[in-house]
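J.: Got a structure for you, written out below as structure tokens; questions coming shortly.
The values are calculated or read from the model by the stated rules, or taken from the named source; none is laboratory data. Keep in mind it's a predicted model, so treat the numbers as computed, not measured. Positions of Cβ are backbone-derived with ideal geometry, glycine not excepted, and every protein chain shown enters the neighbour counts.
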Amino acid sequence: MNCEHASELISLNCEQKLKVKDSLQLQIHLWLCPKCRHFKKNNNEMRKLLQNYCDPKSNCEKET
């Protein structure tokens, strides 16, 4: 797995559950690649910030 594919899976994992094969390959890649571990950490932090920023009762996607 290359970093580009790993970053796609990291982003996709925020929206849906990964297939077992993809999840295992991603975990191995993350174990070996500090840049992708950093990307995953930043991605998770950004998602948490956005969840805290957006009121779950409002529809943030329609706001501009």
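J.: Can you give me the ranges of the helices (runs of 4 or more DSSP H) entirely in the chain with at least 1 residues that are of a type in the set (Asp, Glu) and at pLDDT below 95?
T.: Values: elements: 3-15, 20-32, 34-53.
Counting at least 1 such residues, we get 3-15, 34-53.
J.: For residues that are out of contact with any helix residue (DSSP H, G or I) (no Cβ under 9 Å at 6 or more places or on another chain) and among the β-branched types (Val, Ile, Thr), scanning just the stretch 1-35, find the one that is surrounded by the most Cβ atoms within 10 Å (Cβ to Cβ). Give the steps one after another, and end with the answer.
T.: The first filter runs over the stretch 1-35 and keeps only residues out of contact with any helix residue (DSSP H, G or I) (no Cβ under 9 Å at 6 or more places or on another chain), leaving 4, 8, 15-16, 19-21, 24, 27-28, 32, 34.
Retained after the next criterion (residues that are among the β-branched types (Val, Ile, Thr)): 20, 28.
Details: 20: 8, 28: 12.
For the stretch 1-35, the residue satisfying everything is 28.
J.: Taking the stretch 36-49 as the region of interest, how many residues are of a type in the set (A, V, I, L, M) and exposed (fewer than 11 other Cβ atoms within 10 Å of the Cβ)? Give the derivation first.
T.: Here is the first cut: in the stretch 36-49, the residues of a type in the set (A, V, I, L, M) are 46, 49.
Checking which are exposed (fewer than 11 other Cβ atoms within 10 Å of the Cβ) leaves us with 49.
Summing the residues that are of a type in the set (A, V, I, L, M) and exposed (fewer than 11 other Cβ atoms within 10 Å of the Cβ) in the stretch 36-49 gives 1.
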